[in-house]
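> Next up is a structure, given as structure tokens.
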Amino acid sequence: MAPPRKLHIKSYGCQMNVYDAQRMVDVLTPQGFVETASVDDADLVILNTCHIREKASEKVYSELGRLRLARDEAAQSGRRMQIAVAGCVAQAEGEEIVRRAPVVDVVVGPQSYHHLPELLARADAQGRALETEFPVEDKFGFLPQPRPETIRARGISAFVTVQEGCDKFCAFCVVPYTRGAEVSRPVAAIIADVERLADNGVREITLIGQNVNAYHGDGPDGRAWTLGRLLQRLAAVPGIVRLRYSTSHPNDVDDDLIAAHRDLPALMPFVHLPVQSGSDRILAAMNRKHSAADYRRVIDRFRAVQPQIAFSSDFIVGFPGETDVDFAATLALVTQIGYAGAYSFKYSPRPGTPAAEMPEMVPAAVMDERLERLQQLIDAQQSAFNKAAIGRTVDVLFERAGRKPGQLVGRTAYLQPAHVFPGPGMSPDALVGQVLPVRIDSLERYSLLGELAATPPQHARPLAATGA
Ligand code: 5AD
Ligand code: SF4
């Protein structure tokens, strides 16, 4: 038998890329590949790229420069290293990558990962292979399932893609071009994936999609199911104790999703709901198709059924034409909502998007200053949110043994890392995969430190953040 070939995948960007990287491993494992943590001994290196902002996509080219050196070194010791570029930069800049970085053997878009073995063989025969089509077949039908031991090695929390692509066409965003039109996977296929994961020790599932709450997959009853309905069904899968979903668009929050938050204890009260800006003028220019007031109403609908709920969001500062007044509206919205955390970015023009053609670019120094102010506000809210947990007893799903001997690490409903020492007589390993009440004593940076508690968590007081 040939010795295994070593595979190193480096993923950039969103959770979908993390998931896709795992699926590429699943495709290549039956081909005799095993994963390696180091680039230097790899026979195949895959860069799973992100195109969302300019910085993200430029990283690929500098990494390819480094890989050229690693490949030359491997060649000197008589070993051949193949290099593949996958993900959204591959999709958007296929030919350009080959032109700028001749070191690349394979370019493969996100819809074609199931063709990786053929593409590698074609690169062997012809020197190079490129595939960035949106094939008509459903790649999920062709992707092999991970092996039980692989699922176990990946831990108790897993992502499952339920939809891909986006039809929203926000003026700044490349996703509708790189990931294509919105496509939802059938309900039965998702249930089968989740059951298989649960059978192999997974306890928490995060359903992912670029616009996950636009989900409308075919149900077993022949009708399109909403995300809320899907969540309700998945909550019944034995072994699954926590459900999450990401990323949502405010306009696709429907009654089923709100009902799911009301009815399903397994559905975590933590929702990532990007708003991008608090200014109606900028929201219109962004083609978001909602106002700041619409967004607040959506938040209120969640809060009305689930007082424990907390939110995170994405913001863009310095969208073309953004004035001080527009930016002040963003700060006001953040203050009003009170987030548990949020990501904020400087606007980055992406070729081919409508916003890239817009005049009135905001000067770099103004963007820097706005980003700094927004991040300070968000950080203050996040700290206040984390501090509010001190002195309380909260549910923690334990994920793994910690770095210190006897330590156990898990996450709260709000994805805050929580650390405990279960004490003598309790093996940390036996507690992994369980949800246990933890009394929080203190905070160390972003992690909560506490002790296992005998009493169940208190849900009387909401944990929601207050505006800073
Ligand atoms: N410039 C800056 N930020 C962007 N995002 C998407 N496109 C751009 C862009 N062109 C941000 C949005 C989105 C997140 C994933 O990335 O906030 O929600
Ligand atoms: Fe991009 Fe999200 Fe807008 Fe879709 S909804 S275009 S993924 S920002």
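> Count neighbours as other Cβ atoms within 10 Å of each site's Cβ, and list the GluC sites (Glu not before Pro) in the range 64-135 that are DSSP loop with at most 10 such neighbours. Provide the component values of the computation, followed by the final result.
Working: sites: Glu73, Glu93, Glu95, Glu96, Glu118, Glu131, Glu133; in loops: Glu133.
Answer in residue order: no site qualifies.
> What is the chain's relative contact order, in percent, from Cα pairs under 8 angstrom and six or more apart in sequence? Spell out each step's value before the answer.
On the way: 947 pairs, mean separation 46.4, N = 468.
Computed value for the chain: 10 percent relative contact order.
> Still on this model: Which whole-Hz couplings ³J(HN,Hα) result when phi for each residue of the range 385-399 is put into the Karplus expression 6.51 cos²θ - 1.76 cosθ + 1.60, θ = phi - 60°, listed in order with x for Gly and Pro?
5, 5, 5, 4, 7, 5, x, 10, 10, 10, 6, 10, 8, 7, 10
> So, counting K/R as plus one and D/E as minus one, what does the shell of residues with Cβ under 11 Å around Ile52 add up to?
Summing Lys and Arg as +1 and Asp and Glu as -1 gives +2.
> Under 8 Å for C-alpha pairs, at least 6 residues apart: give me the relative contact order for the range 270-315, rounded to a whole percent.
Values: 44 pairs, mean separation 27.3, N = 46.
Once normalised by length, the contact order is 59 percent.
> Using just the helices of the chain, give the 222 nm mean residue ellipticity in deg cm²/dmol: DSSP H runs with n ≥ 4 each add -39,500 (n - 2.57), and the total is spread over all residues, rounded to 500.
-11000 deg cm²/dmol
> Taking a Cβ-Cβ separation under 4.7 Å as the criterion for a possible partner, which cysteines of the chain have none?
Cysteines of the chain left without a disulfide-compatible partner: Cys14, Cys50, Cys88, Cys166.
> Moving on. Sequence-distant or interchain residues sharing an amide H contact under 5 Å with Val160, placed H: which?
When sequence neighbours closer than 5 places are left aside, the close amide H contacts are Thr206, Leu207, Ile208.
> Quick one: which residues, 5+ away or cross-chain, put their amide H under 5 Å from the amide H of Leu267? H built at 1.01 Å from N.
Answer set, sorted by chain and number: Leu243.
> Name the long-range amide H neighbours of Lys6: under 5 Å, sequence gap of 5 or more, or other chain; modelled H, no Pro or chain starts.
For Lys6, whose amide H was placed from the backbone, the distant partners under 5 Å are Val34, Asp43, Leu44.
> Let me check against my output: what whole-number percent is the relative contact order of the range 5-131, with C-alpha pairs under 8 Å and at least 6 apart?
Taking the mean separation of contacting Cα pairs over the length of the range 5-131, I get 24 percent.
> Next up: Can you compute 3J(HN,Hα) from phi for each residue in the range 444-451, using the Karplus curve 6.51 cos²θ - 1.76 cosθ + 1.60 with θ = phi - 60°, rounded to whole Hz and x for Gly and Pro?
Each residue of the range 444-451 in turn: 10, 6, 9, 9, 9, 10, x, 10 Hz.
> Still on this structure, please answer the following. Keeping all protein chains in place, calculate the accessible area per residue for the chain (probe 1.4 angstrom), answer in Å². List each step's numbers first, then the result.
Working: 20520 Å² over 468 residues.
Normalised by residue count, the accessible surface of the chain is 44 Å².
> First compute the accessible area of the chain with a 1.4 Å probe, then give the percent of it belonging to carbon and sulfur atoms. Spell out each step's value before the answer.
Details: 10950 of 20520 Å².
On the chain, the fraction of accessible area on carbon and sulfur atoms equals 53 percent.
> From the phi of every residue in the range 294-308, what ³J(HN,Hα) in whole Hz does the Karplus formula 6.51 cos²θ - 1.76 cosθ + 1.60 yield, where θ is phi - 60° and glycine or proline is x?
Couplings: 4, 4, 4, 5, 5, 4, 4, 5, 5, 5, 5, 9, 9, x, 7 Hz.
> Between Asp379 and Ala293, what length comes free when the chain is fully extended (0.36 nm per residue of separation minus the Cα-Cα distance, one decimal in nm)?
On the way: separation 86, 0.36 × 86 = 30.96 nm, distance 2.35 nm.
Length gained, Asp379 through Ala293: 28.6 nm.
> Return the tail of the calculated pair distribution for the range 5-131, meaning the percent of Cα-Cα pairs more than 23 Å apart. If you can, show how the numbers build up before the last one.
Numbers: 1722 of 8001 pairs.
For the range 5-131, the share of Cα pairs beyond 23 Å comes to 22 percent.
> Quick one: work out Rg over Rh on the C-alpha atoms of the chain, Rh as Kirkwood radius.
Ratio value, two decimals: 0.97.
The values are calculated or read from the model by the stated rules, or taken from the named source; none is laboratory data. Model, not experiment: these values are computed from the prediction. So basically every Cβ, Gly included, is an ideal-geometry build from the backbone, and we count neighbours across all protein chains shown. To get the accessible areas, we keep the full protein, side chains included, count just its heavy atoms, and leave off ligands, DNA and RNA. Shrake-Rupley method; radii C 1.70, N 1.55, O 1.52, S 1.80 Å.
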